[in-house]
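J.: Got a structure for you, written out below as structure tokens; questions coming shortly.
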């Protein structure tokens, strides 16, 4: 395991670097990759980017004005990738070729011989910021936007318990560098398509309560996407809603996937532990947020199994 | 106009201080009052609190463990009060007796002979934090919770354009002092009553679009409160929703008040200016958020007038 200075030393000796993001890319993996590449370019190196999936248009500004040269990479590294499988369609091509991983996931499964993993970092862009400082990359507005994007998207705009004093101090620094925090937050948190609003409305209309209001569940059948034209990711935010309701200890969101599998997203308030509940179905995650899958059964059956498990777990906690 | 050091000097010479919050108290006015009182008590002074309205239970922790002595105040001051009228029911009692005002509103109308007003501060608790440092009050967990509460509630959890590097740096400091940021954010932003969820659902179900999707409007008739049991303040968050929809430039929320008056909350995206639109009906506010009233007419008529004004304004901006 490397530290920040050692990671910087590795990069200082490299050129022609390929930076990989995880599949289904989010603001932290893309912000980390773009901030790092911009820094490497500023140091006179060649850097380019790859990701298994297409980038949502709202993240386009991260790449603005950055030259994308095509070259055969000498070195390959990942940012914000917790596990090789999260490279998605790029896994096969790069397995065994990745020399360096920079990540903040507590669940990081090592796959690169050299890695800097800090689970107490709220976002991988926190680490990239420290790395760029170590490399002597100076204040830059475009880098600032990239770093800020990772900080704000991975913390629900500084709302989560993962936020530390360092997270806020780095936010202060990059706003001073010129990060357009207000606009980034508007795009990331205050912009919904009509299809998304319509889909959320349908889903929330069907919210069910059980265990005397201590559990709330919403279901997202495939028909919602067909009726509204919403994309799968348009309903990502729904998972946080059931838990927000007063008195709810366990909030469950069941989504029917294209392959017929039913996926559960669980969000809990203390003293319940999402990861412990999901472990009953082979899933996992964190205390406040976790997930599990129900392959090969209907939504109806998955809901029944989940309901029974919630009841049982609340009894175990003496909450029922 | 005083600066921070001069304000501290005034307070150093005072004892038996009454701190006033504005009516309909929010997290910033209460956080400011409680942080300041805790600091004054720590310096061996007597301080007490008054507000025209009752404090919502969710703010109870701000007052936890703080002795509330009853004494005849020698000095009276306000925190986060932009105008004498905002003292509500306490105005008459204290008009002419207020010696010091600490505030961050750009619209501050002077009413105290001594005042420290910094409009570029995102919250009044930012100023109170600086003041306590100047007074030599050391790290304290309860004060930290009060300061953080003002920062996060007045900035939508660090989301608004009013946030500066200083806001983030103070957040970092008070988290180091022990502020329970995660729990405060959960209570302030992730906790809704069932009545509130139900009321929001009814209101959003009726969202109307006009001007080719550039305007969105929701209506909150009195019947919503009667049907759901929601309180007026339960629907405060609704005003921000219409503007969040892709393509919407003007978002309007019409609320029927108990006195029959219809109040409009307007939220706009650039290039539209909420304050300019509301000025047509004698209202005002900021560029992004403003309001106006329609006394003595029905919701139906207010909606028609507002719709016509939006159309006219969008034409003026060449957006229609």
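J.: If I ask for residues that are at pLDDT 95 or above and either under 28 Å from the mean Cα position of the chain (by Cα) or surrounded by 17 or more Cβ atoms within 10 Å (Cβ to Cβ) (or both), which ones from region B:292-304 would you list?
T.: Selection gives B:302, B:303.
J.: Additional query: Six or more apart or on different chains, Cβ under 9 Å: which pairs go from a residue in region A:157-174 that's within 7 Å of chain B (Cβ to nearest Cβ) and on the phi > 0 side of the Ramachandran plot to one that's surrounded by fewer than 20 Cβ atoms within 10 Å (Cβ to Cβ) and modelled with pLDDT under 95? Could you list them?
T.: Final answer for the pair search is A:157/A:188; A:157/A:189; A:157/B:156.
J.: Collect the residues in region B:248-266 that are in a strand (DSSP E or B) and either more than 20 Å from residue B:221 (Cβ to Cβ) or outside the structural domain of residue B:216 (by TED's automatic domain parsing) (or both), keeping them in residue-number order.
T.: So in region B:248-266, the residues in a strand (DSSP E or B) come out as B:250-256, B:262-266.
Of everything in region B:248-266, just one residue is in a strand (DSSP E or B) and either more than 20 Å from residue B:221 (Cβ to Cβ) or outside the structural domain of residue B:216 (by TED's automatic domain parsing) (or both), namely B:250.
J.: Among the residues of region B:284-300, are any closer than 24 Å to residue B:188 by Cβ, within 13 Å of chain A (Cβ to nearest Cβ) and touching a strand residue (DSSP E or B) at 6+ places or on another chain (Cβ under 7 Å)?
T.: Looking through region B:284-300, at least one residue is closer than 24 Å to residue B:188 by Cβ, within 13 Å of chain A (Cβ to nearest Cβ) and touching a strand residue (DSSP E or B) at 6+ places or on another chain (Cβ under 7 Å).
J.: Specify which of the listed residues (A:110, A:25) is surrounded by 20 or more Cβ atoms within 10 Å (Cβ to Cβ), at negative phi and in the same structural domain as residue A:183 (by TED's automatic domain parsing).
T.: Values: A:110 fails: surrounded by 20 or more Cβ atoms within 10 Å (Cβ to Cβ).
Being surrounded by 20 or more Cβ atoms within 10 Å (Cβ to Cβ), at negative phi and in the same structural domain as residue A:183 (by TED's automatic domain parsing) holds for just one of A:110, A:25, which is A:25.
J.: Looking at region A:225-244 only, could you name the residues that are within 14 Å of another protein chain (Cβ to nearest Cβ) and surrounded by fewer than 24 Cβ atoms within 10 Å (Cβ to Cβ)? Explain how you work it out, then say what you get.
T.: The initial filter retains those residues of region A:225-244 that are within 14 Å of another protein chain (Cβ to nearest Cβ), namely A:228-231, A:234, A:237-244.
Answer for region A:225-244, where residues must be within 14 Å of another protein chain (Cβ to nearest Cβ) and surrounded by fewer than 24 Cβ atoms within 10 Å (Cβ to Cβ): A:228, A:229, A:230, A:231, A:234, A:237, A:238, A:239, A:240, A:241, A:244.
J.: Let me ask you something else. Given B:99, B:134, B:92, which one is touching a strand residue (DSSP E or B) at 6+ places or on another chain (Cβ under 9 Å) and in the same structural domain as residue B:177 (by TED's automatic domain parsing)? Quick ask: steps written out before the conclusion?
T.: Values: B:134 fails: touching a strand residue (DSSP E or B) at 6+ places or on another chain (Cβ under 9 Å); B:92 fails: touching a strand residue (DSSP E or B) at 6+ places or on another chain (Cβ under 9 Å).
Checking each option against the conditions leaves just B:99.
J.: Yes or no: region A:145-153 includes at least one residue that is in contact with a helix residue (DSSP H, G or I) (Cβ under 9 Å, 6 or more places away or on another chain) and facing chain B (nearest Cβ under 9 Å). Steps first, answer last, please.
T.: At the first step, the residues of region A:145-153 found to be in contact with a helix residue (DSSP H, G or I) (Cβ under 9 Å, 6 or more places away or on another chain) are A:145-153.
Add one more test, that the residue is facing chain B (nearest Cβ under 9 Å), and what stays is A:152.
Within region A:145-153 (the criterion being in contact with a helix residue (DSSP H, G or I) (Cβ under 9 Å, 6 or more places away or on another chain) and facing chain B (nearest Cβ under 9 Å)), the answer is yes, since at least one residue qualifies.
J.: Give B:260, B:283 a once-over and let me know the one that is out of contact with any helix residue (DSSP H, G or I) (no Cβ under 6 Å at 6 or more places or on another chain) and at positive phi.
T.: On the way: B:283 fails: at positive phi.
Residue meeting the stated conditions: B:260.
J.: What residue, of A:222, A:201, is over 24 Å from residue A:121 (Cβ atoms), free of Cβ contacts under 8 Å to residues at least 24 places away in the same chain, surrounded by fewer than 21 Cβ atoms within 10 Å (Cβ to Cβ) and in the same structural domain as residue A:291 (by TED's automatic domain parsing)?
T.: Working: A:222 fails: free of Cβ contacts under 8 Å to residues at least 24 places away in the same chain.
Of the residues listed, the single one that is over 24 Å from residue A:121 (Cβ atoms), free of Cβ contacts under 8 Å to residues at least 24 places away in the same chain, surrounded by fewer than 21 Cβ atoms within 10 Å (Cβ to Cβ) and in the same structural domain as residue A:291 (by TED's automatic domain parsing) is A:201.
J.: Answer yes if at least one residue in region A:214-223 is assigned to a helix (DSSP H, G or I) and modelled with pLDDT of 90 or more, and no otherwise.
T.: Yes: one or more hits.
J.: Output the number of residues of region A:245-268 satisfying the condition of being within 14 Å of chain B (Cβ to nearest Cβ), more than 20 Å from the chain's Cα centre (by Cα) and surrounded by 17 or more Cβ atoms within 10 Å (Cβ to Cβ). So that I can check it myself, show each step before the final result.
T.: The initial filter retains those residues of region A:245-268 that are within 14 Å of chain B (Cβ to nearest Cβ), namely A:245-249, A:251, A:267-268.
Subsequent filtering for residues that are more than 20 Å from the chain's Cα centre (by Cα) retains A:245-249.
Checking which are surrounded by 17 or more Cβ atoms within 10 Å (Cβ to Cβ) leaves us with A:245, A:248-249.
Looking only at that region, the number is 3.
J.: Kindly indicate which of A:64, A:80, A:15 is at pLDDT 95 or above and closer than 16 Å to residue A:124 by Cβ. Break it down into steps so the answer makes sense when it comes.
T.: Details: A:64 fails: closer than 16 Å to residue A:124 by Cβ; A:15 fails: closer than 16 Å to residue A:124 by Cβ.
From the options A:64, A:80, A:15, the qualifying one is A:80.
J.: Scanning for something closer than 16 Å to residue B:14 by Cα and exposed (fewer than 14 other Cβ atoms within 10 Å of the Cβ), does region B:115-135 turn up at least one residue?
T.: Step one: filter region B:115-135 for residues closer than 16 Å to residue B:14 by Cα, giving B:115, B:131-132, B:134-135.
In the following step, the residues that additionally are exposed (fewer than 14 other Cβ atoms within 10 Å of the Cβ) were identified as none.
Checked region B:115-135: no residue is closer than 16 Å to residue B:14 by Cα and exposed (fewer than 14 other Cβ atoms within 10 Å of the Cβ).
J.: Would you check if residue A:211 is within 30 Å of residue A:249 (Cα to Cα), touching a helix residue (DSSP H, G or I) at 6+ places or on another chain (Cβ under 7 Å) and either crowded, with 17+ Cβ neighbours inside 10 Å or more than 10 Å from chain B (Cβ to nearest Cβ) (or both)?
T.: Values: within 30 Å of residue A:249 (Cα to Cα): yes; touching a helix residue (DSSP H, G or I) at 6+ places or on another chain (Cβ under 7 Å): yes; either crowded, with 17+ Cβ neighbours inside 10 Å or more than 10 Å from chain B (Cβ to nearest Cβ) (or both): yes.
Yes: the conditions hold for residue A:211.
J.: I need the full set of residues from region B:1-52 which are part of a loop (DSSP other than H, G, I, E, B), more than 14 Å from the chain's Cα centre (by Cα) and within 20 Å of residue B:84 (Cα to Cα), in order please.
T.: Within region B:1-52, the first condition is being part of a loop (DSSP other than H, G, I, E, B), and the residues that meet it are B:1-3, B:13-16, B:21-26, B:43-46, B:51-52.
With the extra rule that they be more than 14 Å from the chain's Cα centre (by Cα), the set shrinks to B:1-3, B:13-16, B:43-46, B:51-52.
Within region B:1-52, B:1, B:2, B:51, B:52 meet the criteria.
J.: Right, residue B:252: at pLDDT below 95 and touching a helix residue (DSSP H, G or I) at 6+ places or on another chain (Cβ under 9 Å) or not?
T.: Working: at pLDDT below 95: no; touching a helix residue (DSSP H, G or I) at 6+ places or on another chain (Cβ under 9 Å): yes.
No, not satisfied.
J.: Going through region B:183-208 one residue at a time, which ones are facing chain A (nearest Cβ under 7 Å), within 20 Å of residue A:189 (Cα to Cα) and assigned to a helix (DSSP H, G or I)?
T.: Applying the first criterion (facing chain A (nearest Cβ under 7 Å)) to region B:183-208 yields B:185, B:189-194, B:197, B:201, B:204-205.
Add one more test, that the residue is within 20 Å of residue A:189 (Cα to Cα), and what stays is B:185, B:189-192, B:197, B:201, B:204.
Correct list: B:185, B:189, B:197, B:201, B:204.
The values are calculated or read from the model by the stated rules, or taken from the named source; none is laboratory data. Remember, it's a predicted structure, so these values are computed and weren't measured experimentally. So basically every Cβ, Gly included, is an ideal-geometry build from the backbone, and we count neighbours across all protein chains shown.
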